[in-house]
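Working notes, beginning with the structure itself.
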Amino acid sequence: MQGWFNIWKSINAIHYINKLKDKNHMIISLDAEKAFDKIQHPFMIKVLKD
(Lines give C-alpha, C1' and ligand atoms only; values in the text may rest on other atoms or scores of the structure.)
Protein backbone atom coordinates (compact mmCIF):
# COMPACT_ATOMS: atom_id res chain seq x y z
CA MET A 1 0.00 0.00 0.00
CA GLN A 2 2.90 2.38 0.72
CA GLY A 3 4.13 2.11 -2.89
CA TRP A 4 0.75 3.15 -4.27
CA PHE A 5 0.60 6.12 -1.88
CA ASN A 6 4.06 7.31 -3.02
CA ILE A 7 3.00 7.10 -6.68
CA TRP A 8 -0.18 9.04 -5.90
CA LYS A 9 1.81 11.78 -4.13
CA SER A 10 4.21 12.01 -7.09
CA ILE A 11 1.38 12.32 -9.61
CA ASN A 12 -0.25 15.06 -7.51
CA ALA A 13 3.05 16.97 -7.35
CA ILE A 14 3.49 16.74 -11.13
CA HIS A 15 -0.07 17.98 -11.76
CA TYR A 16 0.43 20.88 -9.35
CA ILE A 17 3.70 21.94 -10.99
CA ASN A 18 2.16 21.69 -14.48
CA LYS A 19 -0.58 24.14 -13.44
CA LEU A 20 1.90 26.84 -12.34
CA LYS A 21 2.39 29.77 -14.72
CA ASP A 22 6.17 29.83 -14.33
CA LYS A 23 7.38 26.84 -16.34
CA ASN A 24 10.93 26.72 -14.94
CA HIS A 25 10.48 23.80 -12.55
CA MET A 26 12.17 20.47 -12.02
CA ILE A 27 11.26 17.32 -10.12
CA ILE A 28 14.06 15.18 -8.71
CA SER A 29 13.49 11.73 -7.31
CA LEU A 30 16.17 10.22 -5.09
CA ASP A 31 16.46 7.10 -3.01
CA ALA A 32 17.53 9.16 0.00
CA GLU A 33 18.58 6.18 2.07
CA LYS A 34 21.37 5.36 -0.37
CA ALA A 35 21.99 8.71 -2.03
CA PHE A 36 22.93 10.63 1.10
CA ASP A 37 25.39 7.92 2.12
CA LYS A 38 27.41 8.56 -1.04
CA ILE A 39 26.80 12.22 -1.97
CA GLN A 40 27.76 15.07 0.30
CA HIS A 41 25.12 17.76 0.86
CA PRO A 42 27.34 20.73 -0.20
CA PHE A 43 28.02 19.01 -3.54
CA MET A 44 24.33 18.32 -4.17
CA ILE A 45 23.34 21.91 -3.31
CA LYS A 46 26.03 23.32 -5.62
CA VAL A 47 24.90 21.10 -8.51
CA LEU A 48 21.24 22.05 -8.04
CA LYS A 49 22.04 25.79 -7.92
CA ASP A 50 24.06 25.75 -11.17
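The values are calculated or read from the model by the stated rules, or taken from the named source; none is laboratory data. Everything numeric in this text was worked out from a predicted model, so none of it was measured. Glycine gets a Cβ as well: all are built from the backbone with ideal geometry, and neighbour counts include every protein chain shown.
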Handout entry: For K23: the one exception among (1) modelled with pLDDT under 75; (2) of a type in the set (K, R); (3) assigned to a helix (DSSP H, G or I)
Key = (3)
Exercise for the section: Scan F5, F36 and give me the residue that is modelled with pLDDT under 80 and of a type outside the set (V, I, T). Expected result: F36
Exercise for the section: Could you please let me know if K46 is assigned to a helix (DSSP H, G or I) and either aliphatic (A, V, I, L, M) or at pLDDT 80 or above (or both)? Expected result: yes
Exercise for the section: Would you please list the contacts, defined by Cβ atoms under 8 Å and residues six or more apart or on different chains, that run from a residue in the stretch 9-29 that is within 17 Å of L48 (Cα to Cα) to a residue that is aliphatic (A, V, I, L, M)? Expected result: H25/I17; I27/A13; I27/I14; I27/I17; I28/L48
